[in-house]
Amino acid sequence: MSANADSHHHGPVDWPQEEHVGEITAGKLGMWIFLLSDAFSFSGLLLAYGIRRGASDMWRCSEELFNQGLCSWLERPEPELGINFTAGLTFLLICSSVSMVMSYAAVVEKDMKSAKMWLGLTILGGALFLCGQMQEYFGTFAFIFHHEGLIKEGLIFGQSNYATTFYAITAFHGMHVLTGVTYLTVMWIKMLKGHFDDGNANMIEIAGLFWHFVDLVWILVFTLIYLIPL
Amino acid sequence: MDLQPIHHEPTTFVKKYLFTTDHKVIAKQFLWAGLLFLLWGGLLAMMIRWQWAYPGEKVPVIGDLFLKESGGAITPDLYPKLFTNHGLIMIFWAITPMLIGAFGNYCIPLMIGARDMAFPLLNMLSFWVFVLSQIMVGASFFFDNGAAAAAWISYPPMSGNIGTPGHGQTMMMAAIFVTGVATIMGGINYVTTVIRFRAPGMTWMRLPLTVWGLWLTSVLNVLFVPVLGSAGLLLILDRMFGTQFFVAGANATGTGGDPILFQHLFWIFGHPEVYILILPAWGIVGDVISFFSRKPAYWYKGTVIALIAVTVLSAVVYGHHMFMTGINPLLGQSFMILTLVISIPAEVLFLNWLHTMWKGSIRLTVPMIFALGTVFVFGLGGLTGIFLGTISTDIYLHDTMYVVGHFHYTMAAATFLGTFCAIYFWFPKMFGRKMNPMLGKLHFWFSFIFITLVFGGQLVVGYAGQPRWFFDPYQYTFLQHLQDANIKTSWAAFALLFGQVFFVINFFKSMFAGEEAGDNPWEVGTLEWTIPSPPPVHNFDPIPTVYHGPHEYAHPGVLEKMGKDWLGQDEAFDGIELSASTDEKVAQGA
């Protein structure tokens, strides 16, 4: 049906079909614009981190510096971040991105059984990541990892820029993961109720966009906060 | 898939007027909320002007009501709270909701031929989150130590716990964060709606300039408000949780923060914010001048390119706010040049508006004179800005009343007159009745003359050396001779407030007893005037097909065959020579 014929009915309007807009749904476009916006809020925080770190003479008060008496306001030296553990978490998050794509592909192929499994695995990955962050901060699962968490090791929010930027940025990202897990769980329930049985994967794709964004931002955060050597 | 279903009109009061998803009602909600806070911000401004004219004397009326403890006078403690809240309230809770919240919501779907916003529920949420932020602003006045007092820019260390103790400042920062969330929700909605929901034939180059202005503003909002959110969040962490992002001086010991960092984050947002406020007004003015000159907008494409250029440039000039902060001279020079480059697209806009009027059959209606007033005061603001954008002159003028006069011409006077231009222009569509032109003209002359005088007076005393933010400038002998000029300026401000009475009378009287407006009282061609006033819930039935740009006026062929000097965007007309604003290829395809 041409756009002209449509306009005389009350039904859907297929305009615009311009090259740069294509068939994108409003929801997907809105999500892209939101992600752009969200990227700017992360960049505000990461800029603050970069400027503070670039300007400081001493970022982490290591044991050596502490023993030289260079950080007299602290009661004890600050711990290093556990790169190996967090690399594991990063891998987990990337895997959950893959399972997200698998779920989307399964919905498109109307293979709902695999779609449910892959989406469930994605949610599991996100939830495990959050548990990992809890372990990292509080040592909640110390009985498994034999590591009592950064707070108990002396990385206290507010004591230094090193501690503060670390917690502010990773917690801000953690809130995004929590939002994503909740969002995907809602989608999963919809899927169990048969909402996507017709193969219309639009809503799954939009949720996937958010999830991939959260992963992508984590890779940046991981690189900038953890991997840049002191 | 059903992109634009027709919704039935809600029947309950709550769903129709409170928790509504109808963009037209949400627009009115934003308008009411904005007008209320405009009055509040305006009264705060009057108190500041009183202080500069008669420091230490009892404030009439307001002093008796609210300042009993100090015998009716403004105290040094109260004074910074006045200008801080005046600035923040006007920017975030008066101009933004009126220009972007109200007219963005009202105009975008109607002008592009859509039944509603892309995300009606998000739209409703945006308004109620905005109301929450307004409540937070109100609440910030009731804490110990009172309201926010660190100026609208909220620079640390002034905005830190030592500069401004108490939860009032924290609450204000939180309110800015919350209203930012509302703005982003609105922005996502506007951007998506314009991209996705245009009626058949409504190409980008056929969009009314109003929609262009609002769309570009929304793009800036979506990108830069989050940066302000980050800065505000860090400041709240500093104030509440003992972090030291912006706490100065501790850097030598390896920790501690940097107040300049806040300035960077703030102005990354803050300079685009200036254009966020003025771009919708520019768009509206561009349309209204063409409508009432009965001529196609001169070089429509150029206007659009200029608007886009201003939008892009606005993101890369923020450093000019920090010349006196101590900035690398090379960086300062780059920011200076980029700043001055903005005057080129701005000049294109002005010349296009003048050319549009040139040899037009100008109808001096109320919206038209408000549009002309907007152009004039923005011209003053732009010209005075050159001296602030140039480092060598800025060194002398920085932090004087000259700066205050300059940015009020651009951000306050131009947006104020632009907002009223929009109110007078779309009032007949919103409420179905015409406003009284006589009262409208009285309102205009009072507003225009006195707003020019108020900010002109500030430029003059600023050039003479009066710093901004002084509680009592006349404590300094070298400023004492400026008291006369300040008193005159203050009385101009009081007259400006008085002039608003005409608007209030006109607004309420016309709403209930104005003359019936009919579908198209202004005889213009954009889509919102093809439907009844006020429009039905689903706006268009059916969705119109668009054949022309928004400014098809005074075409001889149309005059001959149809007996009118304008052509609606949805009216097909064979044999018309399309003006520069229309894209021939698509027109034939449609």
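The values are calculated or read from the model by the stated rules, or taken from the named source; none is laboratory data. Quantities reported herein were computed from a predicted structural model and do not represent experimental measurements. Glycine gets a Cβ as well: all are built from the backbone with ideal geometry, and neighbour counts include every protein chain shown. Areas reflect the complete protein model, heavy atoms only, side chains present, ligands, DNA and RNA absent. Shrake-Rupley method; radii C 1.70, N 1.55, O 1.52, S 1.80 Å.
Here are the numbers:
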| read-out | value |
| --- | --- |
| Output for the stretch B:123-148, where each listed residue is surrounded by fewer than 18 Cβ atoms within 10 Å (Cβ to Cβ) and outside any loop (DSSP other than H, G, I, E, B) | B:W128, B:V131, B:L132, B:I135, B:G138, B:A139 |
| Residue within the stretch B:413-428 that is within 15 Å of B:A492 (Cα to Cα) and part of a helix (DSSP H, G or I) present | yes |
| Residues of the stretch A:49-74 satisfying the condition of being in a loop (DSSP other than H, G, I, E, B), modelled with pLDDT of 85 or more and out of contact with any Leu (no Cβ under 7 Å at 6 or more places or on another chain) | A:S62, A:Q68 |
| Qualifying residues in the stretch A:103-122 (those that are among the small types (G, A, S) and in contact (Cβ under 8 Å) with a residue 40 or more places away in the chain) - the one surrounded by the most Cβ atoms within 10 Å (Cβ to Cβ) | A:S103 |
| Any hit, the stretch A:85-95, residues being closer than 30 Å to B:T192 by Cα, within 22 Å of the chain's Cα centre (by Cα) and either open to solvent by less than 70 Å² (accessible area, probe 1.4 Å) or of a type in the set (K, R) (or both) | yes |
| Top-ranked residue of the stretch B:476-525 - restricted to ones that are among the β-branched types (V, I, T) and part of a helix (DSSP H, G or I), ranked as surrounded by the most Cβ atoms within 10 Å (Cβ to Cβ) | B:T489 |
| Among the candidates B:I236, B:I305, B:I260, B:I268, residue that is within 12 Å of chain A (Cβ to nearest Cβ), open to solvent by 10 Å² or more (accessible area, probe 1.4 Å), free of Cβ contacts under 8 Å to residues at least 60 places away in the same chain and part of a helix (DSSP H, G or I) | B:I268 |
| Some residue of the stretch B:109-132 being of a type in the set (K, R) and within 14 Å of chain A (Cβ to nearest Cβ) | yes |
| Residue within the stretch B:454-468 that is in contact with a Leu (Cβ under 8 Å, 6 or more places away or on another chain), surrounded by fewer than 22 Cβ atoms within 10 Å (Cβ to Cβ) and over 18 Å from B:Y409 (Cα atoms) present | yes |
| Residues of the stretch B:5-19 satisfying the condition of being exposed (fewer than 13 other Cβ atoms within 10 Å of the Cβ) and within 14 Å of chain A (Cβ to nearest Cβ) | B:P5, B:H8 |
| Meets criteria (among the aliphatic types (A, V, I, L, M), within 14 Å of chain B (Cβ to nearest Cβ) and assigned to a helix (DSSP H, G or I)) for A:A207 | no |
| Evaluation of A:L46 against (1) facing another protein chain (nearest Cβ under 8 Å); (2) crowded, with 18+ Cβ neighbours inside 10 Å; (3) at pLDDT 80 or above (one fails), failing number | (1) |
